[in-house]
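Here the structure is laid out as structure tokens; the discussion comes afterwards.
The values are calculated or read from the model by the stated rules, or taken from the named source; none is laboratory data. Since this is a predicted model, take the numbers as computed values, not measurements. A quick note on method: Cβ atoms are made from the backbone with ideal geometry, for glycine too, and the neighbour counts reach across all protein chains shown. Each accessible area value is taken on the protein alone, full model and side chains, heavy atoms only, with ligands, DNA and RNA left out. Shrake-Rupley method; radii C 1.70, N 1.55, O 1.52, S 1.80 Å.
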Amino acid sequence: MTELNPDRGAALDGGSFFCIEYLTSRNNKKTLKINGILIHSLHDPVKEGKSLVDDMSRKLFVVMGLGAGYHIINLMLSSPGSFCVVFEPVNELYEAAYRILLDAASECDLPEVDLNEFLKRILVIKDINEPEIFDFIASNGLQTGYRLVFYTNPGYKTLFPDKESPFHSAVRKQLELNIQNLFTESNFIPLWYKNIIKNYKDLVRIPFIKFDKAIENVNTAVIAGAGPTLDKDIGIIKKYQDRIIIFAVDTAIIPPIKNGIVPDYIVSLDTQFYSIYDFICRIPEQSTLICDITAYPPLKDIHPKTIFTFTSNTYRGFLTEYLSAALRVDGIELNSTGGTVSDYAVTIALKMGFKQIVLSGVDFSFPDNRTHCKCSPYHINILAKSNYITTPDTMVASAIKNRSPHAAEGDDGRNVLSDFILSNYSYYMESLIAAAEDAEFYKGCGGAMKMNGIKYVDLSSFFDCLPVKKQHA
């Protein structure tokens, strides 16, 4: 880290500069001003940091402003075993964060601790980087047993009045996503273990995925989900299927096949027995079925071209890792998921090297007050159960109402209904997209919830510019 220069400003937003000035407090401690605003006490900055201490419970501190670091060190000392996320918008201070925290630790009464391990519990971010916050919470197991404590340095509140609320909201949201994932895992762990044991015995005859690009010179992948917008895109996908690689999720394989489309890959993540009903139509022999190792075991036997995948959240520290070591299964490549088969398919496409990814039927909302596309298993089930009095539209409207929907911004400028769970899934997809810096994401405007990081295009014009590279046998 470089030493801070009090005479050098940090440029921000192309025209705004910060004057960072270090001063000596009355008790001979280093303190700090930014643009003439005092960040820490001019009398005793260390004592001021200690005054923030309240109780001894474990916390996840959410701090706006690194400053000279005294308050952060003392917050951490106040609650052994706690963690801290710090948002530092001033680039010079962010770049020198490690040095600043080391200096602050030397000025505070730090007990005998491994300083490097101590500082690993502090995440400093320059931008509101949601994937980084999510990973910090997940990797340190902060979903339970930690209380959120928010603190904003008064000087930073004056300097950055519009940044505090988005930062706090981002941390809350990422914690909620982690907790939701944890509840899902706790419900499914017994089933995962049973399926893993049954599937592992077939690793001899069924290979696991190697992330090599499937079709040379094809750079565009389409992820076909079971949302309503797939109905609007299906004809376009059919017309241009020789120019793209198609990943159909398990609940969306019937619509493409009924329309004469051959999915290159069918992705199944579901562990429960009723997932077998997603496969009531014959899978084209050219398609490859990708099953997670936790998937319902009979799935792997319904199609000759089947491969396994392994997810990071059901591998490390799990029965899966133990079995791999005991059976000497080498070369496993881990994938990740935020809880939906759609984002799982996206991560597979990214690892295969696709640079252009088109989402269709990945809606996380209820376009036109519908939940699923036509011919999806849910849609077929609704039609089967409906009658003259209880129509399909009535049943779908009731299902949406029971999910406590709320309004969200649509991709066509109108509002669309979504709900808490779908919004969280959308949030994870946005984080996944933001982290995929070398790939671009596209979607047609179909009245679904608008997602950040996606370019909304006319799909016919977009596909028409792609070369014809792919041929089916």
Practice item. Under a cut-off of 20 Å between alpha-carbon atoms, report the lysines in cross-link reach of residue 120, not counting same-chain residues fewer than 8 places apart. Key: 59
Practice item. Would you check the accessible area of residue 301, probe 1.4 Å, heavy atoms only, in square angstrom rounded to 10? Key: 90 Å²
**Study point:** Convex hull per residue volume in Å³, alpha carbons only, for the chain
**Key:** 181 Å³
Review point. With each pseudo-label sitting 7 Å past Cα toward Cβ, what's the residue 23-residue 369 distance in nm, one decimal?
Key: 6.3 nm
Revision key, fill the gap. Residues whose modelled amide H sits under 5 Å from the amide H of residue 150, counting only those 5 or more places away in sequence or on another chain, are 62
Check your understanding: How much accessible surface does residue 122 have with a 1.4 Å probe, in Å² rounded to 10?
Key -> 20 Å²
Check your understanding: Within the chain, which DSSP H helices have Cα atoms that stretch 27 Å or more along the helix axis and a mean Kyte-Doolittle hydropathy of at least -0.5?
Key -> 164-200
Check your understanding: Tally Lys/Arg at +1 and Asp/Glu at -1 over every other residue whose Cβ is under 10 Å from the Cβ of residue 308; what's the total?
Key -> -1
Review point. What are the radius of gyration and Dmax of segment 75-153, computed over its Cα atoms and given in Å?
Key: 12.9, 34
Exercise for review: Can you tell me how much longer the chain between residue 391 and residue 176 gets when fully stretched, taken as 0.36 nm per residue apart minus their C-alpha distance, in nm with one decimal?
Suggested key: 73.8 nm
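For segment 333-423, how big is Rg over Rh, using alpha carbon atoms and the Kirkwood form of Rh?
Here the Rg-to-Rh quotient is 1.05.
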Check your understanding: So what does residue 83 come to for accessible area, using a 1.4 Å probe and Å² rounded to 10?
Key -> 20 Å²
Review point. How do 260-267, 136-143, 395-402 rank on mean C-beta neighbours within 10 Å, highest first?
Key: 260-267, 136-143, 395-402
Exercise for review: Excluding residue 401 itself, calculate the net charge of residues whose Cβ lies under 13 Å from the Cβ of residue 401, where each Lys or Arg counts +1 and each Asp or Glu counts -1.
Suggested key: -1
Practice item. Pop a pseudo-label 7 angstrom from the Cα along the beta-carbon direction at both residue 188 and residue 307 and give the gap in nm to one decimal. Key: 2.1 nm
**Study point:** Total formal charge among the other residues, if their Cβ is under 10 angstrom from that of residue 360, Lys/Arg +1 and Asp/Glu -1
**Key:** -1
Exercise for review: Quickly work out the residue 102-to-residue 378 label distance, labels modelled 7 Å from Cα along the C-beta direction, and quote it in nm with one decimal.
Suggested key: 5.3 nm
Practice item. Assuming R0 = 51 Å, can you tell me the calculated FRET efficiency for the pair residue 242 and residue 120, based on Cβ-Cβ distance, to the nearest 0.05? Key: 0.50
Study note, to complete from the structure: Expressed to one decimal in nm², the mean projection of the alpha carbon convex hull of segment 409-459 is 3.5 nm²
